[in-house]
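A short worksheet on the structure shown next.
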Amino acid sequence: MTEPLLRLSGLTKAYPGVVANKDVSFDIGYGEVHALLGENGAGKSTLVKTIYGLVKPDAGSMTLEGQPFAPQEPRIARASGIAMVFQHFSLFDAMNVAENIALGMENPPPQAEIAARVRQVSDQYGLPLDPDRIVGELSAGERQRVEIIRCLLQDPKLLIMDEPTSVLTPQEVQILFETLRKLSSEGTAILYISHKLEEIRALCENATVLRLGQVVGTCDPRETSARDMAELMVGTKLHVPEKAPRPVGDVILALKGLSAPAPHRFGTPLRDINLEVRKGEVLGIGGVAGNGQDELVAALSGELRTKRAMVRFQDKDIGHLPPNARRKAGLLAAPEERMGHAAAPDMSLTENAILTATTREGLAKKGFLQWGKARTFAEGVIKAFDVRTPGPQNAARSLSGGNLQKFVIGREIMQRPDVLVVNQPTWGVDASAAAAIRQALLDLAANGSAVIVISQDLDELMEISDRFAALNEGRLSSPRAATGLTVEEIGLMLGGAHDMEVAHVDA
Amino acid sequence: MDLSSINPILLLASLMVAATPILLAAIGELVVERAGVLNLGVEGMMITGAVCGFVVAVNSGSPWLGFVGAAVGGALLSVVFGVLTQFLLSNQVATGLALTLFGLGLSALLGQGYIGIKAPSFPDWDIPLLGDIPIVGPIVFQHDPMVYVGLIIVAGVWAFLKYSRAGLILRAVGENHEAAHALGYHVVRVRMLAIMFGGACAGLGGAYLSLVRVPQWTEGMTAGAGWIALAIVVFASWRPWRLLLGAYLFGGVTVLQLNLQAAGAAIAVEYLSMAPYLATIAVLVIMRAGRAPGSLGQSFHASR
């Protein structure tokens with residue numbers, strides 16, 4: 001076949017102040033697994049939204065199977081055989097699986113028939129799913145199955161997958177890849193968006209790299225090293241954090257039988273967590289999203305209070321203490337959600353600095369704020385952590401994800417914590433900022449503090465942690481030395497493949 | 001006190017009548033909230049419907065036309081709310097409160113020449129056969145037609161939300177507007193239609209007061225019924241049949257306290273008048289409210 005399935009020619013889209021896509025052209029063939037690579041803000045999302053009909057390009061055109069293709073809205077794209085698995089925002093928590101699937105289809109059949117087809121397709125591709133379950137009660141991996149099955153029921157010609165593996169265990173990733181390879185062998189093209197380069201090397205035949213909205217290169221990922229692809233994405237040499245051997249000191253924080261009920265309906269209870277953290281070590285905690293990470297951070301930071309003896313810090317029981325008392329003692333935390341949890345989006349950086357640093361830095365005296373001191377502190381964070389912003393008077397909202405994350409982590413590190421707990425420190429952060437944040441965490445540990453890093457990015461955890469433990473359904477495995485752990489062992493610690501199975505139809 | 005003067009059949013029969021205005025307003029608000037919009041202007045739309053319905057009915061002589069006019073009036077006022085919140089992205093709570101104040105003032109202006117006039121009467125339907133059943137007949141089957149229209153709307157809304165594709169889309173928009181938008185549904189269009197339906201229903205509820213229940217026009221005659229309707233939506237966990245239960249409960253306590261007053265109960269009248277509101281609050285607190293629609297009260301803008 002000389003004509004590709006989908007051809008993009010010169011697509012350009014500008015938003016006020018930023019060009020999201022500039023003259024983007026490439027082809028996707030029938031049955032091809034094509035990777036789209038790029039940092040956050042490189043224009044990947046805008047590009048796939050153009051293909052899916054959510055964004056109209058300012059210039060350029062597309063052809064699908066040789067015919068001009070300009071979808072006005074997603075239903076037209078779906079009718080033409082384009083399906084998309086979103087990274088976030090496309091499931092409805094309070095509805096059941098069948099209803100969620102019906103919402104993603106044109107002319108859906110009656111509910112009973114959908115349920116039957118869900119069972120059939122989920123069996124065919126090894127993605128078990130009960131159509132009557134409420135989506136809000138499903139695990140992240142199961143939710144993704146809902147999205148994938150919703151797409152498969154429409155027999156798509158092109159399946160777009162936006163960061164599909166961020167919520168899966170390594171075993172689940174393997175099974176997902178089997179499913180995708182099977183689809184590809186049946187002639188379905190796949191446009192695969194990710195920044196996990198090893199996965200792309202394992203799965204994709206072709207890759208297009210975007211930087212600042214432009215195509216900066218194409219490569220065959222099977223024959224290109226991950227490091228070369230990363231440097232193509234970033235445009236500069238990457239700095240790899242250095243892990244120097246460090247002396248490990250006494251136990252500073254201990255969790256003893258930490259248990260807590262789920263704080264809300266879709267939360268996870270913590271079940272009998274035992275852990276000892278020593279001065280000068282980085283403890284990595286892995287796990288698939290929704291297995292108790294948020295609850296564990298809350299129990300450590302003091303947002304979720306427990307029985308006194310469950311959390312022991314510097315030989316004092318502090319399980320009942322609220323966040324500020326724990327900060328005063330030297331236990332600091334940076335939660336996952338930057339906007340609205342770690343930082344108040346509409347407040348300035350100075351005000352955000354005050355919010356957590358008042359106690360330790362003395363930014364208030366007799367109930368009155370010390371604005372000068374607070375500003376100096378915020379400026380110090382901005383300078384030390386290379387936060388790109390005009391100044392501390394700017395609102396947190398105006399910073400990019402990576403810069404705000406550097407500020408949030410920097411704000412805690414500058415308070416010289418004895419123990420720092422961070423959740424997803426580099427989620428949605430570009431590669432160079434991520435490297436800087438990891439280096440800062442390692443430096444903190446080198447100065448004798450203990451660091452607990454909770455993350456879903458296993459590569460990150462392997463890179464910086466001394467010991468590794470896994471959270472699974474609110475239970476924490478016993479920590480093991482990180483050096484020498486294999487991917488398979490980690491996967492088993494994370495709960496294995498849950499109930500997924502390999503596609504077992506050889507059609 | 002002479003409790004024997006309270007006729008249980010009459011009590012139950014007037015319960016349905018007393019509950020109808022709140023039921024109509026609440027079922028409209030239920031649809032609005034299921035679409036993810038919090039319109040606190042129910043009181044304002046009710047009283048606007050009351051005056052519009054009264055004016056149209058007096059001038060045309062037809063109570064049916066009056067109800068049509070009330071629905072149109074309520075819907076028009078709700079469009080003001082819709083444009084402000086859905087297109088200009090104003091805060092829904094503040095806009096809803098403003099709508100109530102605006103509706104109260106507007107209705108007083110429109111109704112200036114109509115104070116003291118009697119509305120054209122709306123005779124009770126004596127449904128043949130069913131109305132003759134002893135006890136059940138007078139309780140359930142001898143009311144004016146609007147009582148049944150209200151019940152039909154409740155059943156219709158239930159079936160619409162449960163079985164129709166449009167109802168599924170409406171729930172999806174209320175549950176997660178980002179996701180609904182990403183799948184290609186028109187969030188703002190769905191919400192505008194829901195808001196107008198809510199306005200029309202609130203208008204019907206108001207007109208039921210001015211045309212059937214009272215039946216004449218006085219300023220501020222809704223007297224908080226719109227707020228009770230809002231509370232009942234929460235009480236019902238956004239489900240139509242529980243909403244019917246809540247409206248009847250409130251109607252029942254209202255009628256009971258009136259009867260107790262007439263029977264000369266040895267409790268101060270003020271306490272009796274408080275009773276329906278206290279009962280509603282008590283039930284709201286005791287019954288665990290269900291989960292609100294995920295996007296309730298949030299502004300949506302398709303910026304991404």
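Does A:P156 qualify as being touching a helix residue (DSSP H, G or I) at 6+ places or on another chain (Cβ under 9 Å), part of a loop (DSSP other than H, G, I, E, B) and within 14 Å of chain B (Cβ to nearest Cβ)? No, not satisfied. Annotation note: Cβ proximity below 6 Å between a residue of the stretch B:126-145 that is buried (at least 16 other Cβ atoms within 10 Å of the Cβ) and a residue that is of a type in the set (V, I, T) and in a loop (DSSP other than H, G, I, E, B) (sequence gap 6+ or interchain) occurs for B:F141/B:I127.
I'd like to check something: does the stretch A:133-149 contain any residue that is on the phi > 0 side of the Ramachandran plot, part of a loop (DSSP other than H, G, I, E, B), in contact with a helix residue (DSSP H, G or I) (Cβ under 8 Å, 6 or more places away or on another chain) and in contact (Cβ under 8 Å) with a residue 12 or more places away in the chain? No, every residue in the stretch A:133-149 fails to be on the phi > 0 side of the Ramachandran plot, part of a loop (DSSP other than H, G, I, E, B), in contact with a helix residue (DSSP H, G or I) (Cβ under 8 Å, 6 or more places away or on another chain) and in contact (Cβ under 8 Å) with a residue 12 or more places away in the chain.
Can you confirm whether B:G246 is buried (at least 17 other Cβ atoms within 10 Å of the Cβ), more than 14 Å from every other protein chain (Cβ to nearest Cβ) and part of a helix (DSSP H, G or I)? Lay out the reasoning, then the answer.
Working: buried (at least 17 other Cβ atoms within 10 Å of the Cβ): yes; more than 14 Å from every other protein chain (Cβ to nearest Cβ): yes; part of a helix (DSSP H, G or I): yes.
Here the answer is yes, as B:G246 does meet what is asked.
Quick one: would you say A:P131 is at pLDDT 85 or above and closer than 29 Å to A:G267 by Cα? Yes; evaluated as a whole, the condition is true for this residue. Residues that are more than 8 Å from chain B (Cβ to nearest Cβ), assigned to a loop (DSSP other than H, G, I, E, B), among the hydrophobic types (A, V, I, L, M, F, W, C) and crowded, with 22+ Cβ neighbours inside 10 Å: does the stretch A:106-127 have at least one? Checked against the condition, which is being more than 8 Å from chain B (Cβ to nearest Cβ), assigned to a loop (DSSP other than H, G, I, E, B), among the hydrophobic types (A, V, I, L, M, F, W, C) and crowded, with 22+ Cβ neighbours inside 10 Å, the stretch A:106-127 yields at least one hit.
Here's a check for you: in the stretch B:238-276, which residue that is under 28 Å from B:G156 (Cα atoms) and hydroxyl-bearing (S, T, Y) is modelled with the lowest pLDDT? Here the residue is B:T254.
Inside the stretch A:85-112, residues that are over 15 Å from B:H181 (Cα atoms), hydrophobic (A, V, I, L, M, F, W, C) and modelled with pLDDT under 85 make up a count of 1.
Going by what's in this entry, would B:W217 be described as at pLDDT below 95, away from every other protein chain (no Cβ under 14 Å) and touching a strand residue (DSSP E or B) at 6+ places or on another chain (Cβ under 7 Å)? Steps first, answer last, please.
Details: at pLDDT below 95: yes; away from every other protein chain (no Cβ under 14 Å): yes; touching a strand residue (DSSP E or B) at 6+ places or on another chain (Cβ under 7 Å): yes.
So B:W217 passes the test.
Condition check ((1) surrounded by 20 or more Cβ atoms within 10 Å (Cβ to Cβ); (2) under 24 Å from the mean Cα position of the chain (by Cα); (3) of a type in the set (F, W, Y)) across all residues:
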| site | (1), (2), (3) |
| --- | --- |
| A:D130 | no, no, no |
| A:E137 | no, yes, no |
| A:E142 | yes, yes, no |
| A:I148 | yes, yes, no |
| A:E163 | no, yes, no |
| A:Q174 | no, yes, no |
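For (1) buried (at least 20 other Cβ atoms within 10 Å of the Cβ); (2) of a type in the set (A, V, I, L, M, F, W, C), each residue gets a yes or a no:
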{"position": "A:G362", "(1), (2)": "no, no"}
{"position": "A:K373", "(1), (2)": "no, no"}
{"position": "A:A395", "(1), (2)": "no, yes"}
{"position": "A:D418", "(1), (2)": "no, no"}
{"position": "A:W427", "(1), (2)": "no, yes"}
{"position": "A:V453", "(1), (2)": "yes, yes"}
{"position": "A:M462", "(1), (2)": "no, yes"}
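Residues of the stretch A:254-297 that are farther than 30 Å from A:I134 by Cα and either of a type in the set (A, V, I, L, M, F, W, C) or not assigned by TED's automatic domain parsing to the domain that holds A:A445 (or both): A:A254, A:L255, A:L275, A:V277, A:V282, A:L283.
Scan the stretch A:68-84 for residues that are surrounded by fewer than 19 Cβ atoms within 10 Å (Cβ to Cβ) and either at pLDDT below 90 or assigned to a loop (DSSP other than H, G, I, E, B) (or both) and the total you get is 8.
Count of the stretch A:452-475 residues, restricted to those that are assigned to a strand (DSSP E or B) and within 20 Å of the chain's Cα centre (by Cα), is 8.
Checking each residue in the stretch B:159-173 for being away from chain A (no Cβ under 12 Å) and touching a helix residue (DSSP H, G or I) at 6+ places or on another chain (Cβ under 6 Å) picks out only B:F160.
Between A:T376, A:T358, A:T350, which is touching a strand residue (DSSP E or B) at 6+ places or on another chain (Cβ under 6 Å), β-branched (V, I, T) and more than 22 Å from A:G41 (Cα to Cα)? Show your work before the answer.
Values: A:T376 fails: touching a strand residue (DSSP E or B) at 6+ places or on another chain (Cβ under 6 Å); A:T350 fails: touching a strand residue (DSSP E or B) at 6+ places or on another chain (Cβ under 6 Å).
Answer to the check: A:T358.
Any idea which residue in the stretch B:59-71 is surrounded by the most Cβ atoms within 10 Å (Cβ to Cβ), counting only those that are in contact (Cβ under 8 Å) with a residue 12 or more places away in the chain and out of contact with any helix residue (DSSP H, G or I) (no Cβ under 7 Å at 6 or more places or on another chain)? Before you say what the answer is, go through the steps one by one.
Here is the first cut: in the stretch B:59-71, the residues in contact (Cβ under 8 Å) with a residue 12 or more places away in the chain are B:61-63, B:66-71.
If we keep only those that are out of contact with any helix residue (DSSP H, G or I) (no Cβ under 7 Å at 6 or more places or on another chain) too, we end up with B:61-62, B:68.
Details: B:G61: 10, B:S62: 15, B:V68: 20.
Here the residue is B:V68.
Whether any residue in the stretch A:409-417 is part of a helix (DSSP H, G or I) and within 21 Å of A:D459 (Cα to Cα) is what I want to check. Yes, the conditions are met somewhere in the stretch A:409-417. Against the list (1) within 30 Å of B:I9 (Cα to Cα); (2) within 14 Å of chain A (Cβ to nearest Cβ), the condition B:H181 fails is (1).
Show me the helices (runs of 4 or more DSSP H) found entirely inside the stretch B:125-238 where at least 2 residues are touching a Gly at 6+ places or on another chain (Cβ under 8 Å).
Details: elements: B:136-140, B:145-163, B:165-175, B:177-182, B:187-208, B:225-235.
Counting at least 2 such residues, we get B:136-140, B:145-163, B:165-175, B:187-208, B:225-235.
Taking B:V190 as the residue in question, decide whether it is of a type in the set (V, I, T) and modelled with pLDDT of 95 or more. In short, yes. Of B:G199, B:G150, B:G203, B:G156, all but one fail to be more than 14 Å from chain A (Cβ to nearest Cβ), touching a residue at least 40 places away in the same chain (Cβ under 8 Å) and either more than 24 Å from B:V83 (Cβ to Cβ) or among the β-branched types (V, I, T) (or both); the exception is B:G150. Annotation for the stretch A:93-100: no member residue is among the aliphatic types (A, V, I, L, M), surrounded by fewer than 16 Cβ atoms within 10 Å (Cβ to Cβ) and either assigned by TED's automatic domain parsing to the domain that holds A:E147 or within 16 Å of A:V209 (Cα to Cα) (or both).
The values are calculated or read from the model by the stated rules, or taken from the named source; none is laboratory data. These figures come from a predicted structure and were not determined experimentally. No Cβ is skipped: glycine too gets one built from the backbone with ideal geometry, and neighbour counts run over all protein chains shown.
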